[in-house]
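Step one of this worksheet: look at the structure below.
Values in this text are rule-based calculations from the coordinates and carry no lab data. This one's a predicted model, so the numbers in the text were calculated from it and none came from an experiment. FYI the Cβ positions are ideal-geometry reconstructions off the backbone, even for glycines, and counts take in every protein chain you see.
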Amino acid sequence: MMKTVLIVEDDPINARVFAKILTKRGGLETKHTENVEEVMEIATSGQVDIILMDVSLSRSVYQGKAVDGIKITQMLKSNPQTAKLPIILVTAHVMEGDRENFLRQSGADGYISKPVVDHQQFVEQIWAMLPKE
């Protein structure tokens, strides 16, 4: 079975770059959306094995409120149906201490900073987080 990564990212170029690295180098399937309802639907229906969650989603709205990747991760982690789904935060803001704050606030399982320079390490980090059968 191919493993599938859901890329939640508001920048289409970034999303394409991630998808290309993950499919070409990682042998993974990818889906992409920044629509929060879709994220919830995909996550609860078990269509993906892991989520790459951009922290700063500029256009994402859920139930009338603007939400970022931290908030979406919190929602997924607090829902028993999706709590076990690994979520990796992706962010360009890498101030010292941010990483711990983001992880603590969101309950995410890991953290990747962009731009992704080392493609192999990026793929390995995602594979390492995938649930083992």
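Key figures
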{"item": "Flag for GLY46 being closer than 19 Å to ASP109 by Cα, of a type in the set (Gly, Ala, Ser) and under 11 Å from the mean Cα position of the chain (by Cα)", "result": "no"}
{"item": "Matching residues, segment 70-119, being among the polar types (S, T, N, Q) and either surrounded by 12 or more Cβ atoms within 10 Å (Cβ to Cβ) or within 25 Å of PRO12 (Cβ to Cβ) (or both)", "result": "THR73, GLN74, ASN79, GLN81, THR82, THR91, GLN105, SER106, SER113"}
{"item": "Residue match in segment 59-68 (condition: in contact (Cβ under 8 Å) with a residue 12 or more places away in the chain, closer than 25 Å to MET95 by Cβ and loosely packed, with under 15 Cβ neighbours inside 10 Å)", "result": "yes"}
{"item": "Which numbered condition LYS132 fails, given (1) closer than 17 Å to VAL8 by Cα; (2) in a loop (DSSP other than H, G, I, E, B)", "result": "(1)"}
{"item": "Enumeration of residues in segment 69-99 that are in contact with a Pro (Cβ under 8 Å, 6 or more places away or on another chain), among the aliphatic types (A, V, I, L, M) and within 15 Å of ILE42 (Cβ to Cβ)", "result": "none"}
